[in-house]
Structure formats: structure tokens, C-alpha cells
């Protein structure tokens, strides 16, 4: 099986429970959504340049970096035909911590049989994304403490909706939950004020580190 890889690089993780730690990124081509704030639209174009890489090619590259954290991202990595083959190969190496960034529209239950499964960082697309109707709500029932739900908020209405979803599915009791502001688009103080007012214990506000360290449009970071 060969996969369409548009980028592979080492950097720090800019988001989530491992923010600030070194990570190997493998970015795949293509996505089934078109979010208003997407910062990797270039990777989703039909004519994007990519390299065909086998599971073994990807694994060898990862090992060559000597970095243990691995993030599979996109686009939408779970759209890659045969992705389970890659996940099963990576799962055999227990020195690796494998994370998949997924957009919330792809059912996750088919990946539960993997013996050493990856952690999923799953988005819930809020109203500002224009993609909320594409969300697979059944995914909320299969999340574990190793997984993460990320709410990308562009407006305070998004923040309010994120609280409704968190409360409805009791997400803070079963997994990691992050509110991630669209960079430069929303007042961070207002988000903190909302969290304080609503006693949102166990919920994390995250700022995208890579957009603070480097230019927000820079690739390969």
C-alpha cells in the first residue's frame, strides 16, 4: 500500500497534551471537509504535489529521526486507503507514541481492534467552520483518556456551543478536552472569562505554539 505524503518533518507539537514536545509529522494529501479557517488548504487540492510512500518507507523515516512522538495529519489521514496497515505497523513499535489528527467526520470504531492503538485528536467542527453538519456524533462514545477532543473556536458563539457539547457528552470525564482559538480571530480574555464564569473545570485553553514561534503561514513547522 502506498500513501500520498505531502510533507514530513520534525518540529515541536504545537497543540494538545504533548504541546512543546518534539514530534515527527507525516502530512497526508486530501480532505473531505472545507473548513472556513483551514490553514492547510494547500494540502487538500487535487493538484497538490505528494510523494508515494509505503508503510515501511514511513516507518523508516520516523525511526531515522530518533524522535518518539509521531503525528499523522493532513488533510484527513483516515481517508488514506489502507491506513490501518500503517497503524498496525507503527503499533508494533511500543517505543513510539502515535497520534492521529482527525476532523470528526470519520467513524473511529473500525480502528478499535488495533492491539496498541494510536491516540486520536478529534475535532468537533463548530458553526464558524461551516462544517458542523458533517460531524459523526457517535465518535464521542468511543473516546478514551488517551484521546483528545479539540474545539476550534472563531467566535464566542462557538465557545458557547463547545460547552454545550462538552456537557451533553460528559467529555471532560472521559477524555482530554481543548478549546483552540482560531489564531488572531477571537479575544482570548473573553474565552478565559467564559471559562471562569461557567466553572469549566478540566477544560484546557490552548494557543497554537507553532504560530507564535514561526510565521503563521510557514510550512514544515
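Worth pointing out:
- Taken over region 186-203, the criterion of being surrounded by 12 or more Cβ atoms within 10 Å (Cβ to Cβ) and closer than 23 Å to residue 36 by Cβ is satisfied by 186, 190, 191, 194.
- Taken together, the residues in region 144-155 that are closer than 15 Å to residue 203 by Cβ and either in contact with a helix residue (DSSP H, G or I) (Cβ under 6 Å, 6 or more places away or on another chain) or at pLDDT below 95 (or both) amount to 3.
- Filter pass, residue 16 being at positive phi, buried (at least 17 other Cβ atoms within 10 Å of the Cβ), within 14 Å of the chain's Cα centre (by Cα) and in a loop (DSSP other than H, G, I, E, B): yes
- Matching residues, region 71-95, being over 25 Å from residue 44 (Cβ atoms) and either out of contact with any helix residue (DSSP H, G or I) (no Cβ under 8 Å at 6 or more places or on another chain) or touching a residue at least 40 places away in the same chain (Cβ under 8 Å) (or both): 88, 91, 92, 94, 95
- The number of residues in region 140-166 being outside any helix (DSSP H, G or I), under 25 Å from residue 72 (Cα atoms) and free of Cβ contacts under 8 Å to residues at least 40 places away in the same chain comes to 8.
- Some residue of region 37-47 being touching a helix residue (DSSP H, G or I) at 6+ places or on another chain (Cβ under 7 Å), under 25 Å from residue 147 (Cβ atoms) and either in contact (Cβ under 8 Å) with a residue 24 or more places away in the chain or surrounded by fewer than 16 Cβ atoms within 10 Å (Cβ to Cβ) (or both): yes
- Scanning region 123-139 turns up one or more residues that are closer than 22 Å to residue 69 by Cβ and not in a loop (DSSP other than H, G, I, E, B).
- Candidate set: region 54-72, residues that are part of a strand (DSSP E or B) and surrounded by fewer than 20 Cβ atoms within 10 Å (Cβ to Cβ); chosen: the one farthest from the chain's Cα centre (by Cα): 54
- Among the residues of region 76-96, not a single one is in a strand (DSSP E or B), crowded, with 20+ Cβ neighbours inside 10 Å and modelled with pLDDT of 95 or more.
- Count of residues meeting criterion [in a helix (DSSP H, G or I) and at pLDDT 90 or above] in region 167-211: 15
The values are calculated or read from the model by the stated rules, or taken from the named source; none is laboratory data. Predicted model, so just to flag it, every value in this text is computed and none were measured. In this analysis, Cβ positions are derived from the backbone assuming ideal geometry, glycine residues included, and neighbour counts consider all displayed protein chains.
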